[in-house]
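Here is the structure we will look at.
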Amino acid sequence: MGVLPDPSPPYLPRHVPAALSGAYPARPGNFVRPLVDGVPAFRRIAAAIAAARHSVWLTVAFYADDFRFPDNAGTLFDVLDRAAARGLDVRALFWRPNAESAHYGRAFAGTPADLARLRDCSARFSIRWDQAHAAFCQHQKSWLIDAGRPGETAFVGGINLTAMALGSPGHRDGGRHDLYVEVAGPSATDVRHNFVQRWNEASEREKPDGIWGPHGKSALAFPTRASEPRGASLVQIQRTVHPGRYTDSTAAPNASRHDISAGERSCLEQYERAIEAARSSIYIENQALPIPSLARKLDSALRRGVEVVLLVPAEPETAVRDLTRATVESLAPYDNFTLAGLILSEATARRAVYVHAKTMLVDDAWATIGSCNLHANSLTGNTEMNASIWDAELTRALRCELLAEHLGRDTSGLDDRSALRLFRALADANRKNHSAGQPTCQGNAVRLAPGDYG
């Protein structure tokens with residue numbers, strides 16, 4: 001499954017190998033559209049739901065009642081109920097935290113109060129709740145529109161259903177930076193396969209408080225054929241799944257059988273393979289990097305002369321701050337390594353933009369977008385999903401869009417290596433201005449010193 005098809009441009013160059021260990025192959029023929037930050041992402045998702053003709057299925061990790069779709073489209077329940085009222089099959093898989101994970105954040109866990117709310121609003125969509133193993137999380141954030149139909153479209157990313165994810169005035173969406181990616185074509189069918197696998201074996205499905213709605217008790221059929229080609233991108237859907245979480249190993253269309261009872265770690269494998277294959281540049285946006293093995297692979301890339309930019313929260317979570325500091329300190333001596341965060345300079349104060357994205361771009365040739373952080377829980381125990389994309393034209397355009405947002409500069413006239421050198425120069429200048437109490441010179445990217453990170 002890690003041997004890529006022999007496609008024509010724009011897939012090439014394809015020197016970044018695909019993951020070998022997962023359930024899904026790299027499939028050609030996909031339409032792909034990155035969606036940067038919460039407002040553009042949820043505006044597009046709301047439009048896709050409004051245009052849906054058959055079904056809307058989603059997986060939810062964190063959720064808060066303050067979430068609203070843009071343009072006054074309403075709450076999550078408003079949008080799902082409107083779709084159900086049109087006769088669509090609307091199903092949501094919600095994460096139910098257990099005692100070890102209850103402190104991670106807000107979730108719609110199916111508590112008595114949650115069920116009362118569903119009754120009070122006469123919710124017409126269907127729900128199953130799903131727990132994770134021990135202190136792990138059901139961390140996938142995905143949407144699937146018109147499953148199994150000609151218009152089948154998936155959205156895969158990391159943006160949570162909270163008001164904080166949409167941000168506030170300031171940085172494009174305010175206090176949080178994140179991504180989704182829209183995928184239509186054969187790889188959307190793999191997002192469907194994942195949903196069916198999880199829905200049918202959701203941990204709480206046999207409990208009185210573990211289901212809701214007209215289809216809460218009904219299982220789903222696995223897909224038997226992939227969607228027709230819709231575009232020109234090669235895509236592989238990759239996951240983290242804890243061993244023992246699910247047992248039905250029905251294969252995806254045109255794919256080998258994967259023993260899901262043994263789990264899956266294709267997200268980790270793909271991150272490692274991409275770093276090892278890098279020739280000129282690695283651009284990473286992630287919440288943390290507390291994994292020494294990945295730091296060692298980045299060290300090897302830096303020794304090869306690869307330009308590396310790691311964009312992280314300038315004010316990180318305490319739980320990963322010290323571990324991330326230790327790993328990035330080992331990379332700090334390299335002139336071609338840049339650790340950076342996003343800091344808004346406002347009239348009366350400075351505030352950090354929280355980098356919640358989970359994306360990596362290599363050599364302007366390959367990209368991945370999804371829910372999988374570069375920390376142990378995401379790479380080994382959570383349930384996660386990423387979409388990796390082999391499309392040089394799309395990857396370069398995404399690099400230009402992200403750097404335009406963070407640097408306030410158009411880098412479309414630069415190659416990837418030169419663009420990351422410009423990132424370092426502007427982030428250095430912004431750090432000096434920040435230290436002197438002056439506004440940033442351009443953009444919001446500020447270089448961080450590994451020794452005092454956080």
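Summary of values
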read-out: Among (1) under 30 Å from ARG245 (Cα atoms); (2) surrounded by fewer than 24 Cβ atoms within 10 Å (Cβ to Cβ), the one test that ILE389 misses; value: (2)
read-out: All strands (runs of 3 or more DSSP E) inside region 366-454 with 2 or more residues being without any contact (Cβ under 8 Å) to a residue 40 or more places away in the chain and within 14 Å of LEU342 (Cα to Cα); value: none
read-out: Whichever residue in region 301-323 is assigned to a helix (DSSP H, G or I) and not basic (Lys, Arg) and, among such residues, is nearest to ALA427 (Cα to Cα); value: LEU302
read-out: Count - residues of region 262-289 that are among the hydroxyl-bearing types (Ser, Thr, Tyr) and either part of a helix (DSSP H, G or I) or surrounded by fewer than 23 Cβ atoms within 10 Å (Cβ to Cβ) (or both); value: 3
read-out: Selected residue (only one of ILE211, ILE237 is buried (at least 22 other Cβ atoms within 10 Å of the Cβ) and at pLDDT 95 or above); value: ILE237
read-out: Top-ranked residue of region 303-327 - restricted to ones that are surrounded by fewer than 17 Cβ atoms within 10 Å (Cβ to Cβ) and of a type in the set (Asp, Glu), ranked as nearest to LEU402 (Cα to Cα); value: GLU315
read-out: Restricting region 341-367 to residues that are crowded, with 24+ Cβ neighbours inside 10 Å and either among the basic types (Lys, Arg) or under 15 Å from GLY451 (Cβ atoms) (or both), the residue that is farthest from the chain's Cα centre (by Cα); value: GLY341
read-out: Residue in region 353-360 that is more than 16 Å from TYR283 (Cα to Cα), of a type in the set (Ser, Thr, Tyr) and either in contact (Cβ under 8 Å) with a residue 12 or more places away in the chain or in a strand (DSSP E or B) (or both) present; value: yes
read-out: Condition check for LEU298: under 19 Å from ALA19 (Cα atoms) and in a helix (DSSP H, G or I); value: yes
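The values are calculated or read from the model by the stated rules, or taken from the named source; none is laboratory data. All values derive from a computational prediction rather than experimental measurement. Using ideal geometry, Cβ is built from the backbone for each residue, glycine included, and neighbour counts are taken over all protein chains shown.
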